[in-house]
Amino acid sequence: MSNEDDHPAGIEAISVYVPQNFIEATEVAAANGTDPEKYTRGLGCRRMAIASPGEDAVTYGCEAARLLLERYQSDASAIGLLVVGTESGVDGSKPVAAYLHGMLGLDCRCRVFDTKHACYSATAALRIATDWCRGHDGRRGKALVVATDIARYDLGSPGEPTQGAAAVAMLVGNDAACMQLEHFPEAVYAQEVMDFWRPNYRHTAVVDGKVSLRTYLTALENTWDEYQRSSGLQWHDYEYLLFHVPFPRMAWKAFRLLHERYGNGESPEDAFSRMVEPGLWACRELGNCYSGSLYLCLAALLERVGQRATGARVGLFSYGSGCCAEFFTARIGSSSGIWHDRIGIGNGLRRRRQIDYSTYLEFRQITERMEGNHECQAGLASDADAAVTFCGTREHRRLYRFQAPTAGAESTQRRNSVNAQVANVLR
Ligand code: HMG
């Protein structure tokens, strides 16, 4: 047996942070004077997670990683690599990963950095992490990959109903209990295109919607063809298909394109319910969480199908505007029962709260005022159960307050000292 078979690199555990606030898509439609059916049926959007001013990509990423380490009783000191995929960074230079390194109390020998390529960034991070694990056979510890993003579009714009937020954390190692990545040649598609972007001076994305849909589907066709050619896999080899989900109907458009060309006798609707729906339910609740979207689908699939899916092959399509895309496959690991009830989506959804349109506007206005302001206070608290809150900015420094214990005595010490600094500065 090869070393690859002994130690299949992949995802050992996965955890999702569900933001505390959400708004109904129909409420946004009413405010925009749009037929709600356009959002709910036309785009498939039901609800969107909304970030409060005390939340950002750092607090979300920290929550997801902290929950992962707690739920799986993973040792923070055994993390040798932390890579954060995000397009909602809070600083032009300092990576989100550096904040998380401090908040989680990771070892100073742990390598930390962010990856960026729109929604593709977490796939780039996962690729780096699995290669790193394969390269040293676990001797240098495990890798932590975090995808954390907040999707914001202009008020009243076509993109507004496709907003969302969430963070997904994945423990990557050579004992891939959760998902083993299959080792076929890569199928990547890249093209310089202005389909979706966010200039540094904006807090909302700019989109050429039709170009973005077209490019997404071109990238899917190219990577699918390439992957089937190099792997020899065929349609019937797949139990599940997961897509990057900017809005749920996009998954249907993507699936239909493949089904028309390769599907067998089963109707596209039935095949979609069987192969795609089990991973799509969380996206309807949280909206587009950019880098985390594909991995939210993976987590949702694992949470829904549990142990029944052990050994099943999953095809994953990752797309990042700009653009870079990749198709790859993975198999669901054998100890699925362990992680099934620890992923946290269902629990997170049960404890969140609905906000109305005026609160949504208030959150946006405060957040917009704070951005670009080097002396400000967030004012509004975030998730009451969250470990970390963004408090504001003083002297160009972002300040975070820890509210709940992070793992380990060293981190408790660090937390107390950070809190003391925050208290001093905000006084
Ligand atoms: P739009 O152009 O206003 O919508 O915005 P539309 O007019 O095309 O309508 C959408 C669908 O609703 C259509 O269905 C309509 O027929 C239907 P389709 O023809 O597509 O099947 N519709 C209705 N249905 C029922 N009742 C009604 C009704 N009216 C219309 N009354 C758009 C759509 C996606 C462009 C917009 O939401 C947008 O700009 N979103 C953001 C960009 C995006 O999500 N692009 C997707 C691909 S790019 C990507 O995935 C990357 C991304 O995640 C970023 C990253 O990589 O970081 C975005």
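The values are calculated or read from the model by the stated rules, or taken from the named source; none is laboratory data. This is a predicted model, so every value here is computed, not measured. A quick note on method: Cβ atoms are made from the backbone with ideal geometry, for glycine too, and the neighbour counts reach across all protein chains shown.
Points to keep in mind about this one:
- Consider the range 189-214 and keep the residues that are under 21 Å from the mean Cα position of the chain (by Cα) and under 20 Å from PHE255 (Cα atoms). The one that is nearest to the ligand (Cβ to nearest atom) is SER212.
- Selected residue [without any contact (Cβ under 8 Å) to a residue 60 or more places away in the chain, away from the ligand (no atom under 16 Å from the Cβ) and in a loop (DSSP other than H, G, I, E, B)] from GLY306, GLY311: GLY311
- Which numbered condition ALA166 misses (of (1) touching a Ser or Thr at 6+ places or on another chain (Cβ under 9 Å); (2) not in a strand (DSSP E or B)): (2)
- Scanning the range 215-256 for residues that are within 13 Å of the ligand (Cβ to nearest atom) and of a type in the set (Val, Ile, Thr) gives THR215, THR218, VAL245.
- In the set (1) touching a Ser or Thr at 6+ places or on another chain (Cβ under 7 Å); (2) farther than 28 Å from THR310 by Cα; (3) at pLDDT below 95, the condition left unmet by PHE184 is number (2).
- Applying the criterion of being in contact (Cβ under 8 Å) with a residue 60 or more places away in the chain and of a type in the set (A, V, I, L, M, F, W, C) to the residues of the range 83-123, the residue that is nearest to PHE402 (Cα to Cα) is MET103.
- If you go through the range 263-294 and keep only what is assigned to a helix (DSSP H, G or I), crowded, with 22+ Cβ neighbours inside 10 Å, touching a Cys at 6+ places or on another chain (Cβ under 9 Å) and on the phi < 0 side of the Ramachandran plot, you end up with GLY279, ALA282, CYS283, SER291, GLY292, SER293, LEU294.
- Residues satisfying the stated conditions in the range 105-121, i.e. outside any loop (DSSP other than H, G, I, E, B), closer than 25 Å to THR367 by Cα and out of contact with any Pro (no Cβ under 6 Å at 6 or more places or on another chain): THR115, HIS117, CYS119, SER121
- The sole residue among ARG71, ARG47 that is charged (D, E, K, R) and at pLDDT below 95 is ARG71.
- Of the residues making up the range 124-169, those that are of a type in the set (Ser, Thr, Tyr) and away from the ligand (no atom under 16 Å from the Cβ) number 1.
- Flag if THR26 is within 16 Å of the ligand (Cβ to nearest atom), modelled with pLDDT of 95 or more and out of contact with any Phe, Trp or Tyr (no Cβ under 9 Å at 6 or more places or on another chain): no
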